[in-house]
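Student: Provided herewith is a single structure, encoded as structure tokens, for subsequent inquiry.
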Amino acid sequence: MLRLGGNTDRQRERVVAAFEKLKTTAEIAEILKTLYHGGNGLGSVSAWYAEDGIHLSHGKSVRYDRSAQVISWESAAERIGELLESGQFASNVELAEAAGYERSLLAEKLWHLYHDFSDKARDSGYLSCLSGIQRTGFPEETAWLAEQLSDPAFRQTLKEEYAAFWTDYQQDRDLLRFHYHRPREIWENLKDLDLPRRTFSSDLSQVPTVQHFITEDEIDAAMTGGSSFAGGKGRIYAFFMENHTDKEKVRFLKDEYGIGGRSHALSGATHSGEDHDGKGLHYKKQDCPDVHLNWEKVAKRITSLVQKGRYLTEQEQAQYDKIQAEKDLAEEDAIQAQQPEIEEETPKPTLRAV
């Protein structure tokens, strides 16, 4: 599971790079948390990657299995270290390309950052050492930058210029057009390139593999993402909280999902996806048999998730409860506001002489 799982592109090379830089076990454990996410099915075992470690169990589900074996991230880091020492974690090609791939990933982050500079930032001359990027295209420019990052002198200049930019950006957000970038992460990645590195060796031309499968946990997690339309998850939850027949639920889901799909649907894996049409939901993931669920099965599955309190996250549930409480309060206020009018319209009884 450590070698083949995780759901991150070229994951073994990223892990190797961390070990090459002589990171501590605690540091590597934190890195593993970001690289291993979602779930995997390998052979007869399912895995789910959680905050406390890797949950393992035989079968197609493990996320809520109280008897699951839990491997802490520190233990996972130690085990990977042992596999690297014995040449059993990655292939010889992956070991050779790990450092270069690390530079490529950083080059992509810097490319996106540089191309999001505002006119104000460009006029001020921030990151002038990247002026070699002449809008020749993403592949060419990132390849050039990755090569430059192998030069210690270039890295030193870049660090100095980046430090100046980052300091000013914290005071002036107008230096960037978009703000999804992670400046601290880029800075840490830059510093990491100057760390001393050790090398590993392996006789493996390729890593041994086993049969993969899509786990039930991954399917449930994908379903709790809702439909492809804004607000779809909330609409689905609200409908399933009401009293509806199975046929009504099926009809509702068909209309809500419509025809379409999305990528990265299972565990955030690049080569995975979800398609939906009049027949139901269809899941695909690289090296795994496809899974097809008709709308009747989807409706039953969502009903179960709602009943078990697993359809919404804790934050989403709190937000839903807050909205419902506000609606209930508004309805009570409306009823109370109408009450005097009702009393005025009600005729008073008259007294009769006996």
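The values are calculated or read from the model by the stated rules, or taken from the named source; none is laboratory data. Note that the coordinates shown come from a computational prediction; the quantities given were computed from them, not determined experimentally. Ideal geometry is used to build each Cβ from the backbone, glycine not excepted, and the neighbour counts take in all protein chains shown.
Student: Residues that are in the same structural domain as residue 127 (by TED's automatic domain parsing) and either β-branched (Val, Ile, Thr) or within 26 Å of residue 267 (Cβ to Cβ) (or both): does segment 158-171 have at least one?
Tutor: Yes, some residue in segment 158-171 is in the same structural domain as residue 127 (by TED's automatic domain parsing) and either β-branched (Val, Ile, Thr) or within 26 Å of residue 267 (Cβ to Cβ) (or both).
Student: Only residues that are outside any loop (DSSP other than H, G, I, E, B), loosely packed, with under 12 Cβ neighbours inside 10 Å and acidic (Asp, Glu): list them for segment 186-208, please. Give the derivation first.
Tutor: Of the residues in segment 186-208, the ones outside any loop (DSSP other than H, G, I, E, B) are 186-192.
When the remaining residues are screened for being loosely packed, with under 12 Cβ neighbours inside 10 Å, the result is 188, 191.
If the condition is that a residue be outside any loop (DSSP other than H, G, I, E, B), loosely packed, with under 12 Cβ neighbours inside 10 Å and acidic (Asp, Glu), then 188 is the only one that fits.
Student: Could you run through segment 251-271 and say how many residues are touching a residue at least 24 places away in the same chain (Cβ under 8 Å) and either of a type in the set (D, E, K, R) or buried (at least 19 other Cβ atoms within 10 Å of the Cβ) (or both)?
Tutor: We begin by selecting, within segment 251-271, every residue touching a residue at least 24 places away in the same chain (Cβ under 8 Å); these are 253-254, 256-258, 260-262, 265-270.
Pick out the ones that are also either of a type in the set (D, E, K, R) or buried (at least 19 other Cβ atoms within 10 Å of the Cβ) (or both) and you get 253-254, 256-257, 262, 265-267, 269.
Summing the residues that are touching a residue at least 24 places away in the same chain (Cβ under 8 Å) and either of a type in the set (D, E, K, R) or buried (at least 19 other Cβ atoms within 10 Å of the Cβ) (or both) in segment 251-271 gives 9.
Student: A follow-up question, please. Of the residues that sit in segment 61-80 and are within 11 Å of residue 28 (Cα to Cα) and in contact with a Ser or Thr (Cβ under 7 Å, 6 or more places away or on another chain), which one is surrounded by the most Cβ atoms within 10 Å (Cβ to Cβ)?
Tutor: 77
Student: Kindly provide the set of residues from segment 138-179 that are without any contact (Cβ under 8 Å) to a residue 12 or more places away in the chain, under 19 Å from residue 101 (Cα atoms) and in a loop (DSSP other than H, G, I, E, B), ordered by number.
Tutor: 151
Student: Taking the options 72, 67, 86, 46, name whichever one is over 25 Å from residue 214 (Cα atoms) and polar (S, T, N, Q).
Tutor: When all the criteria are applied, what remains is 86.
Student: Can you list residue pairs whose Cβ atoms sit under 8 Å apart, with the first residue in segment 93-104 being farther than 12 Å from residue 19 by Cα and the second being among the basic types (Lys, Arg) and assigned to a helix (DSSP H, G or I)? Count only pairs 6 or more apart in sequence or on different chains.
Tutor: Qualifying pairs under 8 Å: 94/12; 101/14; 102/14.
Student: For segment 298-322, which positions are small (Gly, Ala, Ser), within 21 Å of residue 253 (Cβ to Cβ) and surrounded by fewer than 14 Cβ atoms within 10 Å (Cβ to Cβ)? Reasoning before the result, please.
Tutor: If we filter segment 298-322 for residues that are small (Gly, Ala, Ser), which is where we start, we get 299, 304, 309, 318.
Narrowing the set further to residues that are within 21 Å of residue 253 (Cβ to Cβ) leaves 299, 304, 309.
Correct list: 304, 309.
Student: Output the number of the condition that residue 229 fails; it satisfies all remaining conditions of (1) surrounded by fewer than 19 Cβ atoms within 10 Å (Cβ to Cβ); (2) outside any loop (DSSP other than H, G, I, E, B).
Tutor: Failed condition: (2).
Student: Would you be able to tell me the number of residues in segment 9-32 that are buried (at least 17 other Cβ atoms within 10 Å of the Cβ) and in contact (Cβ under 8 Å) with a residue 40 or more places away in the chain?
Tutor: Pass one, segment 9-32, residues buried (at least 17 other Cβ atoms within 10 Å of the Cβ): 11-21, 23, 28-29, 31-32.
Narrowing the set further to residues that are in contact (Cβ under 8 Å) with a residue 40 or more places away in the chain leaves 12-17, 19-21, 28-29, 32.
Number satisfying all stated conditions: 12.
Student: Follow-up question, since we're still on this one. Could you tell me which numbered condition residue 281 fails, if it satisfies all but one of (1) in contact with a strand residue (DSSP E or B) (Cβ under 8 Å, 6 or more places away or on another chain); (2) farther than 18 Å from residue 266 by Cα; (3) surrounded by 14 or more Cβ atoms within 10 Å (Cβ to Cβ)?
Tutor: For residue 281, the failing item is (2).
Student: A further question on this structure: Working only within segment 254-288, note down all residues that are of a type in the set (Asp, Glu) and outside any strand (DSSP E or B).
Tutor: 255, 256, 287
Student: Name the one entry in 167, 157, 142, 136 that is of a type in the set (Ser, Thr, Tyr) and touching an Asp or Glu at 6+ places or on another chain (Cβ under 9 Å).
Tutor: 142
Student: Sticking with this structure for a sec: Which residues, counting only those in segment 207-253, are β-branched (Val, Ile, Thr) and within 13 Å of residue 312 (Cβ to Cβ)?
Tutor: 224, 236
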